[in-house]
Structures are given as C-alpha cells and as structure tokens.
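First comes the structure, then the notes that go with it.
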Amino acid sequence: MITFVVHVENKPGVLTRVASLFRRRAYNIESLTVGSTETPGVSRMTIVVDTDDEGAHHVEAHLYKLVNVLRVDNVTARPNVIRELTLIKVATTAGTRPEIFQLADVFRARIIDVSADSLVLELTGGTAKLDRLLEVLEPFGVLEMARTGTLAMARGEGPGRTAAPQARATAAAESQDIAYSV
Amino acid sequence: MTSRRLTGAQILWESLVREGVTCVFGYPGGAILPAYDAMLDYPIRHVLVRHEQGAAHMADGYARATGQVGVAIATSGPGATNLVTGIATAMMDSSPVVCITGQVGSKLIGSDAFQECDITGITLPITKHNYLLTNPEDVAATVREAFHVARSGRPGPVLIDMTKDCQQRACDFEWPEEAPVAHQRPNLSPGDAELARAVDLIHQAKRPLILAGNGIIASGASDLVRRFAEHADIPIAMTLLGIGGVPASHPLNLGMMGMHGEAWVNTSIQEADLLIAVGMRFDDRVTGNVKTYALNAKKIHLEIDRSEINKNVKVDAGLVGDCGQLLTALMPRVERGNHAAWRAHIDALKGDAAVRDIKNLPDSGHLYAAHVIHDLWRETGGNAVVVTDVGQHQMWEAQYYHHDQPRSLITSGGLGTMGFALPAAIGAKIARPDAEVWVVVGDGGFQMTMAELATIAQEGIDINVAIINNGYLGMVRQWQEFFYERRYAATPLTSPDFVKLAEAFGLTAARVTERAGVIPAVQAARATKGTVVIDFRVEQEDTVYPMVPAGADLHNMIRRPSVLAETGADQ
C-alpha cells in the first residue's frame, strides 16, 4: 500500500480528475479522503493506492500532469501519523452488553449510542486497529459499519505549509526551481 | 491599465487575437451563436467545416505544420461530441490545440436541455486540461492559461466550454499581460551526477543508436540531434512521428523503426548495446514484445514527460526535460566518437533488404502504392508537406517518401485516426500557405471525411490529394491475410467514382491505372491551380513489408518475400 498526500486547487471537478486518472491508468484506490487545509483555495487529499514502489513513481508522475494538482507527497516511507475513524453498530442483548463494553474499553473506543438491542461504537486509529475491532465484534453481529478512509500527515517538519497557488508559483518562479510547466 | 466593458463573446475574440490567432476552424450552432456574432468584428478567418471532426483535425494539422496553437470552435451537444475523435488524436500525438465549445445557459446545466452535453466530462481523459466557463470575468485569464497549457511542457489539446450566458453577459475586460505563473512544476532537470552517468554509458558503448521521436520536432531540437549524432558518431532510427526531424538523406539516419520499420533498423535495435531515446515513448508499435526488446542495450531516455520514463521500457538513465536543453547539456561532456565498425555492420544489413524492395524490381505493368509514393517523392523533390491517413498507404509513405524537413510529414500516429488526412491537410495549408501540400490517403479513410472537399472548394484551398485506391481496407485485409486465414470480413470496399465526385465539388480530378501514368498525373496536379484529386488504382492485395506482428519480438519480422527478389533476379 502506498499513501499519498496530494494538495490540489479547490475547484469544481478536481476530485473527478484525480479519480478518473486512477481509473484510466488501472490503479486501485484503497481509500480516498478530501478536505480543506490551512490555506484557503487548497484542498488536501489522502489517497491510499494498492501498488508497489514502481507504481508509486508512475502515480506521482501522472498526478503532476493534472493542472489542478499543486503538490504530491508520497508519505509511505516517511515517519507519519495515519488515522481513520469508524462507526460500528453492533447487536446487543442484556447478556452481551457488558462484554462489548469491555472490548470497547480495551480498544479505547467510545460508545456513542445505546439502544435496546444495539449500540454504536466510535473508534479512531490506524487501519489495522480498526480492522481488529471489527473482527472481535463480528461474532456479536455487526449491523452497520462506516469508515472515513485514511488521513495521513508527516511527523515533525514534514513538507510544511502549502502556499496558495498564485503565491506558490510566484515564489517558485523567483527561486528558479521550475523546469517547465504542466 | 484601462478597461473596457465587453461581452464574454467579445472577450473571447480579444483574447484569441492577443494569443496570435488569425484563423479558426468551426461550425456554428445555437449555444455558440453569441461568439460567432462577435467574431465578425475581429480580424479572424473562419473556415466553415462540414463536420466538427474536420475542425479538430484542421486545428491539429495547423498546429503540427507550425508548432503554433490551432483553434477549433463548435456548438454544444453534437457539435462538441463530434470534436472528440479529433481531440483524442491531438492528445495522443501531443499536438497543441484549443477547442472552444458553446454550452447551454448556466441555469439550464444539468437539466438535459436541448443540445446539452457534459463535454468537459467527456473530454476529461483526452485533454491536457479543460474548463467550463460560466462568468465573463473568467474568460480572458482562462484563454491565456489554456494557450499556455496547450503549448507548454508536452503540448496537447485543451477545451474551453462556455455557457451561452457567459458569452452574452458583459464585464470589464482587462488582458492579463503577464503569462500565467500557476501550475508550475518542480525542477527535475538532471544534475551533474545524472548527466555524468548518461555520458559514461555513451562513452562505453560500442553499438549505440539514437531513437528519435516526435519530441525532437516539438522541441525544435532537429539540428541538435543531428549535430549530437555527428559528434558522437551514432546512427539514428526514427519513429513514425519523428520522421523529418533528422533529414532522411543524412548518412546517419537509418530510417523508420517498429512494426513496419525497415529490417536493418529493427535488427540494429536488437543488436545495439546502447539506446539513446530522445523525445519518444517506446510505443508498442515501436517495441514489439517489450520482454525481448533490445535486451543487449543500456538505455538512456531524454523526455519532457516524466511519466513516460520507465513506463513501457525500463531505462538505465532517465533525463527529464526539454530534449533540446538536455542535448545542449550533454553535448560538451560527450567526447567525439567513432563507430565505423558498427555503421559498416548496419550497412551490410541493408544489402539484403534492398534486393527485396519492390521499387528495385522491373516494371511488371502493375501499379503498386510504393511506385506512386516513390514517384511523388521524386517529382516534389522531397519538399512537399505530406499529410497521410492511417493504414497501408501511411506505412508506404513513411518508407518511400524521404522527408528532409521537420514538420513535413503530418500523420495520426498514436490514435491511428482514419479520416485525419484530408482535414489536417487543409489546416496545414492554411498555416503554411507557401508550402506544397499533398494528401496521401486510402480509399477507406478518404470516405470518412471526404465532405471536407466542400470546405476546400469554398475556401479555395490549393492542395493535392493522392488516393491510394486498392478496393480494400488494406491494412485490416493484410491482418486477415496473415492472421485470419484470408477470411476477408468486411474489408472489401466499394467506392464512388472519385473523379466524378471531386468534379461535383468543383475540383479537378484524374485517374491513374498504370505506372507510366503516375509522373504525368503528379506533374499535371502540381501545375494546376486549386486542388486536384488523383485516384490511383493500385494492386488490390499488396502487403506492407516488413511486418512485426503485434506483440511479436522486434527481430521476428515477416520480411518482404524472397520470391519477389528471385523474380527480380531472373529478369
């Protein structure tokens, strides 16, 4: 699995362009999340792709060919934090409820809703931890499950703030680290 | 800066004129009417096409003939979808084209209104980028950016979809004088270490080859490639789209590689110990089976599009950047070379091929396409701009017309679009009115876009058309002959009387059925003002040799049959 953090211009159709690229080049998206960033006009995508290092180079090169893409960071091999949130609705009886509470405690999941015959757990963490909780709840009867997909961020200084497109390009043009455009 | 109040339609033309546009190819309709109305007040030549596909190909031909951006314009819905084949053609061959389409009013978008169609959605994977404009305020900056995107880096097509109200509404017009600075990319130019690695590979090579593609023409690096090859004494093989990038008459130019490349070229590639690929992308028509492709060779790839490096063929040194700049950086580091033994070896490979060549055989009375192309080359002194379609005639043209100038062969390579030639030639002629332009086209492809003969007549275009008429969809028939036991499914082709047809359009026409008639017909066409259509009735079941079957090893070519050579020797 390769995890990319991709900064894009917040314009209509950008998500389609990125998704279409993966489809056209036959790469499987494992998870994709989009949201706003610290910079107005810039959105941030975390994309987890089922590929190897060689595929990752190609994906990065192709992403850079999209006009609206500002920056691509492959954070897979870097020190990073990866988080995902899940909501799981699990069937309960008076008998099983205490056991599920105990499991929730072990996983540090929060119980956010309790009904007569079900309850809803919320858990944040790495993908493996979420998978594991789901696994142990399965015997009780998982009624519904929703996951947000992965968010990733490099630890420490990381790649830093992403400037707004115009300011970024102007700064880059002055610093001569531009070879060609698009 | 003073600003004026103009409609979106007026701003479109103000912007196009400022980008240097003098001619557009298009077809009007409801959603683009405001733009057409405004056009009358600007110094723009509009060429009315007969089908929007023709408009896209004309803009493409215009771009390929000069390197300048070609512009096509169409209305919404069917007008826009008819452009699609032309846009995909330009995308595959990296041709800078800007397409402008009308769109229904912004309030109607999404309502399935009359002639509404999501053309930005449709063209998303076949454009470098596209835009949907709903505000006149955005028009000037978008046109500026669109032209920049179309011609920068690896060129390609860009589409601008403008809603009708965007064209009609007025706003203050200010032209952004500064070129757009957004969308810049990190500098990936190779450093000293990467250049040194490439130079080492070049110095170690005993059997090096340069593979030159479309990129050397797009970059304007033709002379640099030639000088580099001369300096390092390295023979050059051309891709189909690279043809003309290095003069065919240059002693280091071996000719075309790939599926229908000459045997000595493909054999040289398989025997080489170094390939220096310049502005080409190792297309499957060039490599054959990649698992057995040039296994003896180290590979250096000079390429502006980083995503092409290691895509089809793994390379030992990938240098990202404009090929002209990269060659300029490499040249002073590379020592003068001498590969006389290698060149002599390649020369020896040629001898065998020459006796199999149809043009060296005695006249059997039959007319072969190779004869037509050969004579056309001789009569035009190799100086014509030849625009070819797709199929057998395209390969024969590439083999038998020897191009010495960049941009003198215009053909659809990547997408292989039949119907490309006639409209693309119209665009090329308008871009270069002083050039002699010939269309070489099959009877199949010609009928796909022959309605553009009316455009030729209306616009007074002076080109000549050589129809290589064999009564078959020849290249498909050839595959059926080789791979489908001569079961000719849907390849025999009945055509109208092309002479009468051309005359009906008000053009001059002639028919040639024997070899002796070729040169007089070509001479007459060249002496005639206006477009002449010549119907060359050639051998029906002629075959393009050599041929590397799709997916086969590059060295396992189907050669020209030796029986031809024996027949030649007997007489």
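Against the criterion of being at positive phi and buried (at least 17 other Cβ atoms within 10 Å of the Cβ), residue B:419 qualifies. At pLDDT 95 or above and crowded, with 21+ Cβ neighbours inside 10 Å, is that true of residue B:106? Criteria not met by residue B:106.
Conditions tested, residue by residue: (1) part of a helix (DSSP H, G or I); (2) within 12 Å of chain A (Cβ to nearest Cβ); (3) at pLDDT below 95.
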position	(1), (2), (3)
B:140	yes, no, no
B:156	no, yes, no
B:161	no, yes, no
B:175	no, no, yes
B:196	yes, no, no
B:203	yes, no, no
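Quick one: in the range B:10-24, of everything that is in contact with a strand residue (DSSP E or B) (Cβ under 8 Å, 6 or more places away or on another chain) and over 20 Å from residue B:83 (Cα atoms), which residue is surrounded by the most Cβ atoms within 10 Å (Cβ to Cβ)? Checking each candidate, the answer is B:11. Does residue A:47 count as assigned to a strand (DSSP E or B) and surrounded by fewer than 20 Cβ atoms within 10 Å (Cβ to Cβ)? No. Among the candidates B:189, B:152, B:219, the residue that is modelled with pLDDT of 95 or more and small (Gly, Ala, Ser) is uniquely B:219. Of A:17, A:23, A:71, all but one fail to be of a type outside the set (A, V, I, L, M), facing another protein chain (nearest Cβ under 9 Å), outside any loop (DSSP other than H, G, I, E, B) and free of Cβ contacts under 8 Å to residues at least 12 places away in the same chain; the exception is A:23.
Of everything in the range B:25-63 that is crowded, with 24+ Cβ neighbours inside 10 Å and charged (D, E, K, R), the residue that is farthest from residue B:449 (Cα to Cα) is B:60.
Looking at the range A:77-182, the helices (runs of 4 or more DSSP H) lying wholly inside it that each contain 2 or more residues that are at pLDDT 90 or above, more than 14 Å from every other protein chain (Cβ to nearest Cβ) and exposed (fewer than 13 other Cβ atoms within 10 Å of the Cβ) sit at A:97-107, A:127-137. Among residues of the range B:303-327 being out of contact with any strand residue (DSSP E or B) (no Cβ under 9 Å at 6 or more places or on another chain) and in a loop (DSSP other than H, G, I, E, B), the one that is farthest from the other protein chains (Cβ to nearest Cβ) is B:312. Here the condition is being in contact with a strand residue (DSSP E or B) (Cβ under 7 Å, 6 or more places away or on another chain), part of a helix (DSSP H, G or I) and either surrounded by fewer than 24 Cβ atoms within 10 Å (Cβ to Cβ) or within 14 Å of chain A (Cβ to nearest Cβ) (or both); of B:85, B:120, it holds for B:120 alone.
Do we find that residue B:79 is at pLDDT below 95 and either more than 11 Å from every other protein chain (Cβ to nearest Cβ) or part of a loop (DSSP other than H, G, I, E, B) (or both) in this structure?
So residue B:79 does not fit the description; no.
Taking the range B:221-296 as the region of interest, the helices (runs of 4 or more DSSP H) fully inside it that hold 1 or more residues being within 23 Å of residue B:559 (Cα to Cα) are B:263-271, B:284-287. Restricting the range A:39-62 to residues that are more than 23 Å from residue A:11 (Cβ to Cβ) and of a type in the set (Val, Ile, Thr), the residue that is farthest from the other protein chains (Cβ to nearest Cβ) is A:48. Taking the numbered list (1) in contact (Cβ under 8 Å) with a residue 60 or more places away in the chain; (2) more than 14 Å from chain A (Cβ to nearest Cβ) in turn, residue B:144 passes all entries but (2).
The values are calculated or read from the model by the stated rules, or taken from the named source; none is laboratory data. Bear in mind the structure is a predicted one, so any value in this text is a computation, not a measurement. Counting neighbours? That spans all protein chains shown, and the Cβs are built from the backbone with ideal geometry, glycine included.
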